[in-house]
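Derivation of every value follows stated rules applied to the coordinates shown; laboratory data play no part. Note that the structure is predicted; figures quoted are calculated from it, not measured. Counting neighbours? That spans all protein chains shown, and the Cβs are built from the backbone with ideal geometry, glycine included.
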Amino acid sequence: MQENRPVIALDFPEFSDVKDFLEKFDPSEKLYIKLGMELFYTAGPQVVYYVKSLGHSVFLDLKLHDIPNTVESSMRVLARLGVDMVNVHAAGGVEMMVAAKRGLEAGTPTGRQRPKLIAVTQLTSTSEEIMQNDQKIMTSLEESVINYAQKTAQAGLDGVVCSAHEVEKIKAATSKEFICLTPGIRPEGASKGDQKRVMTPKEARTIGSDYIVVGRPITQAKDPVSAYHAIKEEWNQ
């Protein structure tokens, strides 16, 4: 099921930056916010509580990757924060991903819905050359991503983080209901930055992405609210 709101990546260093950004929007507009490592390491759970108190949805993007017991225990704690989505690295393996889901289910307070749990396949900043040279994965990038997606589905997770370029084949290899959240989304003409595999919101919608993540084209725009609404309109065409 596609999320109609673009997920805004608030990759800021300080809690105050989050407050300043969100105050630009009408309080009645409920956003979907991605909070990543930089911000969480600075501000901790309080930034999650603040964003949730405003009625926004939260994707807590911490990309857990450790031994199964550590990931399970960590997910049990993160489940108490009331976020809507969390993630791990698929490279941690099926056992780790199963443990992550188990911890998330155990930690979710009674009466609340378990946060969606997705796994990172290959980062959108990773090219095939980088993957082969640095990770020594000697298949194609596409084969690596699809393999990770299948292992994620095997572990019982809800979906993956992937490039929009891989969505169609991932869904063919798993199921239509399997979530594909795609970062690396850039409006036509925007700078790619450090992303290697990018796509426009309209292209991502057509190809079947369920969620899109957009950061700098919104957060660094002269008018972030207008930039957000333009991207949202294109995403919903």
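Among the candidates Thr124, Thr110, Thr152, Thr139, single out the residue that is surrounded by 21 or more Cβ atoms within 10 Å (Cβ to Cβ) and assigned to a loop (DSSP other than H, G, I, E, B). None of the others qualify; the one that does is Thr124.
Scanning segment 1-41 for residues that are part of a helix (DSSP H, G or I), free of Cβ contacts under 8 Å to residues at least 40 places away in the same chain, within 21 Å of Ser226 (Cβ to Cβ) and not β-branched (Val, Ile, Thr) returns Asp17, Lys19, Asp20, Leu22. In the list Leu123, Leu117, which residue meets the criterion of being touching a Lys or Arg at 6+ places or on another chain (Cβ under 6 Å), of a type in the set (A, V, I, L, M) and within 19 Å of Cys180 (Cβ to Cβ)? Among Leu123, Leu117, only Leu117 is touching a Lys or Arg at 6+ places or on another chain (Cβ under 6 Å), of a type in the set (A, V, I, L, M) and within 19 Å of Cys180 (Cβ to Cβ).
Filtering segment 101-122 to residues that are touching a helix residue (DSSP H, G or I) at 6+ places or on another chain (Cβ under 9 Å) and either under 18 Å from Ile170 (Cβ atoms) or of a type in the set (D, E, K, R) (or both) leaves Lys101, Arg102, Glu105, Arg112, Arg114, Leu117, Ile118, Ala119, Val120, Thr121, Gln122.
When Ala164 is tested against (1) within 25 Å of Val77 (Cβ to Cβ); (2) touching a residue at least 40 places away in the same chain (Cβ under 8 Å), only condition (1) is not met. Set side by side, the residues Glu72, Glu95 differ, and just one is crowded, with 20+ Cβ neighbours inside 10 Å, touching a residue at least 24 places away in the same chain (Cβ under 8 Å) and of a type in the set (Asp, Glu), which is Glu72.
Here is the figure for segment 102-122: residues that are closer than 16 Å to Leu60 by Cβ and of a type in the set (Ser, Thr, Tyr) total 1.
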